[in-house]
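Okay, structure first, notes after.
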Amino acid sequence: LLFCQSSGKTNSYVGRFYIHRLQYSDPTDAPKTILLTIDGSNKFDFVTEDETSCREWILQLNKVILEVERTRKVFGIPLSVLMKRETEANVPSIVEKTIHFIYEYGMNKEGIFRQTGRSTQIESLKDQLNQGSKVFFSENMDVHSVAALFKLWLRELPEPLLTWDAYEKFMKVAELSDAARAALLKEALQSIPSINQAVVYHMFKCLRAICDNEEKTKMNPGNLAVVFAPNILKNPDPNADPFDQSYYQNINIVFTAMLEHFDEISKEPDDIVLVRRKRSKKGKEKERRKSLRGKASVNTEAAAMCCEGQVFLQVKKKWVLRHVALETGSICVKKNAKDSDKKAKKYDLCADTNAIPETACEKPFALSFFVFENGYPAQFIIAARTSDQQAEWIEALQNALAVLSI
């Protein structure tokens with residue numbers, strides 16, 4: 001987002017805001033103003049000429065931010081979105097590159113994954129990756145910085161690697177004796193998505209090699225559990241006590257057991273069935289041309305398909321379950337599925353907008369899109385109950401919005 005200074009008939013370049021660092025909000029008390037937040041802290045008022053111009057800017061910002069998240073951004077993006085960019089690898093490129101680098105240069109490094117690395121180098125690498133730049137990890141880089149980069153990527157995943165749904169299964173492992181843990185761990189791992197399984201395999205294979213070289217790395221399963229467990233196994237209860245020591249003890253037990261039983265519970269990536277969408281050369285060329293024209297590809301068959309189910313909505317600042325249905329060009333909201341259509345609230349979808357994951361929301365699996373409310377575009381946020389449901393809603397909404405834009 002470039003900003004310039006006007007002087008007569010000429011505009012002088014002043015600076016830029018990178019979209020991947022940008023968040024925005026629409027203050028209710030300033031109808032012509034958009035609040036831009038950079039890197040989560042620096043805030044600027046973006047004042048438009050009138051309310052109509054303000055709404056247009058919000059719609060365009062929303063479209064560009066979604067496009068960056070879909071095609072470029074790496075941190076804070078769901079695994080399913082990252083994997084759509086991969087053509088051959090069974091894990092996101094950041095996993096492949098960082099772990100390969102650690103195999104090359106970190107297996108004999110004392111305190112690998114425990115030492116923090118250089119903060120400036122970590123932030124620079126993160127920024128380049130989020131811009132979509134091709135980053136090459138050279139031998140001159142600090143291996144501790146690359147290791148910290150991988151931990152940061154794990155920590156910022158919208159859903160933890162071992163998923164919200166499987167949390168209770170993994171936590172039950174801590175209640176069992178060591179001899180009985182392997183079977184339950186294997187069952188819990190098989191319950192998470194195949195992409196997550198592949199990342200777990202590559203990650204734990206690397207960590208196991210580090211443990212096997214403990215004499216030089218000074219890292220054992222217990223040390224690595226302290227570093228990694230809080231990043232991949234998180235309590236889905238938003239009201240849970242963050243200072244509960246038993247939680248940290250139990251997740252460390254689970255993580256340590258996963259490392260110690262790695263050979264028994266792990267699957268080679270070739271044995272993990274990854275669901276991929278195969279496209280012909282003709283289809284790829286068609287998508288490329290549409291992308292150049294700035295149009296989203298339209299799946300008319302999917303667009304005709306409706307989506308409905310129980311999701312969370314914010315009502316009077318509280319999250320409540322509602323039955324929401326996507327109909328042709330509109331959203332229908334009921335308290336429950338049995339309510340009559342007369343009790344339902346309907347909102348027409350805004351064309352030329354997008355449905356995006358709402359990563360800044362306190363509720364997991366949230367997504368946002370725009371509807372017309374009282375004749376004006378307004379942001380509409382719902383929170384799915386699982387990551388799969390979130391992906392289904394985003395796909396269905398994108399198809400419906402693409403049809404409206406034709």
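Descriptive notes on the structure:
- The residue pairs whose first member lies in segment 193-220 and is in contact (Cβ under 8 Å) with a residue 12 or more places away in the chain, whose second member is part of a helix (DSSP H, G or I) and open to solvent by 30 Å² or more (accessible area, probe 1.4 Å), and whose beta carbons are closer than 7 Å, counting only pairs six or more residues apart or on different chains, are ILE195/SER80; CYS206/TYR103; CYS211/PRO221.
- Against the list (1) crowded, with 19+ Cβ neighbours inside 10 Å; (2) in contact with a strand residue (DSSP E or B) (Cβ under 7 Å, 6 or more places away or on another chain), the condition PRO158 fails is (1).
- The residue of segment 235-255 that is farthest from ALA383 (Cα to Cα), among those that are open to solvent by 70 Å² or more (accessible area, probe 1.4 Å) and modelled with pLDDT under 90, is GLN245.
- Contact map, segment 73-90: first residue free of Cβ contacts under 8 Å to residues at least 24 places away in the same chain, second residue open to solvent by 20 Å² or more (accessible area, probe 1.4 Å) and hydroxyl-bearing (Ser, Thr, Tyr), Cβ cut-off under 9 Å, separation 6 or more or different chains; pairs are LEU82/SER93; ARG85/THR71; ARG85/SER93; GLU86/SER93.
- Within segment 231-248, the residues that satisfy the criterion of being part of a helix (DSSP H, G or I) and without any contact (Cβ under 8 Å) to a residue 40 or more places away in the chain are GLN245, SER246, TYR247, TYR248.
- Residue count for segment 1-35, restricted to those that are within 26 Å of GLY375 (Cβ to Cβ) and surrounded by 12 or more Cβ atoms within 10 Å (Cβ to Cβ): 9.
- Only one of GLU187, GLU214 that is surrounded by fewer than 18 Cβ atoms within 10 Å (Cβ to Cβ), closer than 23 Å to THR386 by Cα and more than 24 Å from the chain's Cα centre (by Cα): GLU187
- Exactly one residue out of LEU321, LEU326 is in contact (Cβ under 8 Å) with a residue 12 or more places away in the chain and either surrounded by 16 or more Cβ atoms within 10 Å (Cβ to Cβ) or not in a loop (DSSP other than H, G, I, E, B) (or both): that is LEU326.
- Of the residues examined, ILE58 is one that is within 30 Å of ARG155 (Cα to Cα) and surrounded by 15 or more Cβ atoms within 10 Å (Cβ to Cβ).
- Of all residues making up segment 217-234, the number that are open to solvent by 10 Å² or more (accessible area, probe 1.4 Å) and on the phi < 0 side of the Ramachandran plot: 9
- Scanning segment 329-353 for residues that are at pLDDT below 80 and closer than 19 Å to ALA400 by Cα turns up ALA351, ASP352, THR353.
- Note on segment 350-366: residues that are over 13 Å from the mean Cα position of the chain (by Cα), open to solvent by less than 30 Å² (accessible area, probe 1.4 Å) and not small (Gly, Ala, Ser) total 3.
- In this structure, ASP39 does satisfy being charged (D, E, K, R), surrounded by fewer than 17 Cβ atoms within 10 Å (Cβ to Cβ) and over 19 Å from CYS350 (Cβ atoms).
- Taking segment 65-114 as the range and being among the charged types (D, E, K, R), under 16 Å from the mean Cα position of the chain (by Cα) and more than 28 Å from HIS144 (Cβ to Cβ) as the test, the residues that pass are GLU67, GLU69, ARG70, LYS84.
- Across segment 376-399, the qualifying residues are those that are under 21 Å from GLU56 (Cβ atoms) and open to solvent by less than 60 Å² (accessible area, probe 1.4 Å), and the one among them that is farthest from the chain's Cα centre (by Cα) is PRO377.
- Within segment 385-406, the set of residues being touching a Leu at 6+ places or on another chain (Cβ under 7 Å) and either at pLDDT 85 or above or aliphatic (A, V, I, L, M) (or both) comprises TRP393, ILE394, ALA396, LEU397, ALA400, LEU401, LEU404.
- Against the list (1) within 25 Å of PHE75 (Cβ to Cβ); (2) open to solvent by 70 Å² or more (accessible area, probe 1.4 Å); (3) in a strand (DSSP E or B), the condition PHE369 fails is (2).
- Restricting attention to segment 85-114 and to residues that are in a loop (DSSP other than H, G, I, E, B) and of a type in the set (S, T, N, Q), the residue that is farthest from VAL143 (Cα to Cα) turns out to be THR87.
- Some residue of segment 163-173 being more than 11 Å from VAL254 (Cα to Cα), open to solvent by 30 Å² or more (accessible area, probe 1.4 Å) and outside any loop (DSSP other than H, G, I, E, B): yes
The values are calculated or read from the model by the stated rules, or taken from the named source; none is laboratory data. Predicted model, so just to flag it, every value in this text is computed and none were measured. Positions of Cβ are generated from backbone atoms using ideal geometry, with glycine treated the same way; all protein chains shown enter the neighbour counts. Accessible surface areas use protein heavy atoms only, side chains included; no ligands, DNA or RNA. Shrake-Rupley method; radii C 1.70, N 1.55, O 1.52, S 1.80 Å.
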